[in-house]
Amino acid sequence: MIPSSALPRTVTVRAPAKINCELRVGGLRRDGYHELSTVFMAVGLYDEVTVTRSPSWEVTTTGRYAALVPDGADNLALRAARVLASTMKAEPIPVSIRIDKEIPVAGGMAGGSADAAAALLACDALWGLRCDREQLLELAADVGSDVPFSLAGGIAVGSGRGERLAPVLAKGTFHWVFVVSSEGLSTPSVFAECDRLRADADADADADRPAPGPSSAVMTALRSGDPEALGKALANDLQTAALSLRPALRTVLDAGVEFGALGAIVSGSGPTIAFLTGSPEHALDLCVSLAASGVADEVTRAKGPVHGAHFIAVPSRV
């Protein structure tokens, strides 16, 4: 650990949203999670998390989605800070956590996981722990399935419950348009609906379901930097369940394709819908068309891949 006299008082970290270019859902495990294979991409929508030494543990949130973020024990950033604190040999210094929230809440873009990843990185610097990358990734997995990827960023294949990562070497930049819903979807509810729909279709399907893996179509498209090929290969096993719970999303998906998107997919457990385009200009045109059509509550755009959680300012000293 670094001597306390040399430690910063405040640290700010920025962390990105993610989308799942592909999400394959296997059978239910004994621990209650599903076996997953997912291809993550970090995209340029960010939350900023600032941690400051404080007399007590607390969380405050600013930004467009502030009212939707819990400020108690359910807050993932606070949970991450406490998980990291449990590794300290000395008594941890309590922190005040401020989240500037620009990633949709309960939107399938891992906004809470981004906050947790940012809090881990920021508190590690604030407390002078100097955890290495593998330590932070292990702690991140204890906080939540998507938190390791929020730390890592870029493009990666996630396995297990999504926490085990294998980086993907991809070529080029991909330009996305996102339609954000005014009301989120519960991830557990979407998985439960997926299980229900599968059981209705085949009572024995889950028992015989093999462990999923990434498709060659998605991997080839990413490695070649081909947005048209990637648009055709986008796939999400949770999409049918999300549409079952929120049928209006089908209208948004159809509208984006009609307006020229190369591909369309519900992001993660939804309800955010991601449209892939061929260029920044194409993305802007699609944003305008979707907004003018009236089918979208909110439309934004971003490119990927981008880096994972990172410092955005030199930490201030005591």
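The values are calculated or read from the model by the stated rules, or taken from the named source; none is laboratory data. As the structure is a computational prediction, the values presented were derived from the model and not from experiment. As a convention, Cβ positions derive from the backbone with ideal geometry for all residues, glycine included, and neighbour counts pool all protein chains shown.
For the reader, a short list of remarks on this structure follows.
- Filter pass, residue 200 being of a type in the set (D, E, K, R) and assigned by TED's automatic domain parsing to the domain that holds residue 261: yes
- Where a residue in the range 243-268 is in a loop (DSSP other than H, G, I, E, B) and its partner, wherever it lies, is of a type in the set (Asp, Glu) and buried (at least 19 other Cβ atoms within 10 Å of the Cβ), with Cβ under 9 Å and at least six apart: 268/146
- Matching residues, the range 102-117, being touching a helix residue (DSSP H, G or I) at 6+ places or on another chain (Cβ under 7 Å), crowded, with 24+ Cβ neighbours inside 10 Å and not hydroxyl-bearing (Ser, Thr, Tyr): 103, 104, 110, 112, 114, 115, 116, 117
- Among residues of the range 38-54 that are over 18 Å from residue 7 (Cβ atoms) and outside the structural domain of residue 215 (by TED's automatic domain parsing), those with a Cβ under 8 angstrom from a residue that is crowded, with 24+ Cβ neighbours inside 10 Å and of a type in the set (Phe, Trp, Tyr), sequence gap 6+ or separate chain, pair up as 40/149; 41/174; 42/149; 43/176; 45/178.
- For the range 72-88, the tally of residues that are more than 16 Å from the chain's Cα centre (by Cα) and modelled with pLDDT of 90 or more stands at 8.
- Positions within the range 232-242 being of a type outside the set (Asp, Glu) and assigned to a loop (DSSP other than H, G, I, E, B), in sequence order: 234, 238
- Scope the range 110-144; condition on the phi > 0 side of the Ramachandran plot and of a type in the set (D, E, K, R); matching residues: 130
- Condition met for residue 91 (modelled with pLDDT under 95, surrounded by fewer than 18 Cβ atoms within 10 Å (Cβ to Cβ) and among the charged types (D, E, K, R)): yes
- Residue check for residue 229: farther than 25 Å from residue 165 by Cα, touching a residue at least 12 places away in the same chain (Cβ under 8 Å) and either in a helix (DSSP H, G or I) or out of contact with any Gly (no Cβ under 6 Å at 6 or more places or on another chain) (or both): no
- Restricting attention to the range 136-182, the residues being within 23 Å of residue 68 (Cα to Cα), of a type in the set (S, T, N, Q) and either part of a strand (DSSP E or B) or not assigned by TED's automatic domain parsing to the domain that holds residue 271 (or both) number 2.
- Yes/no for residue 306 being among the aliphatic types (A, V, I, L, M), touching a helix residue (DSSP H, G or I) at 6+ places or on another chain (Cβ under 7 Å) and touching a residue at least 12 places away in the same chain (Cβ under 8 Å): no
- Verdict on residue 50 being more than 18 Å from the chain's Cα centre (by Cα), in a strand (DSSP E or B) and modelled with pLDDT of 95 or more: yes
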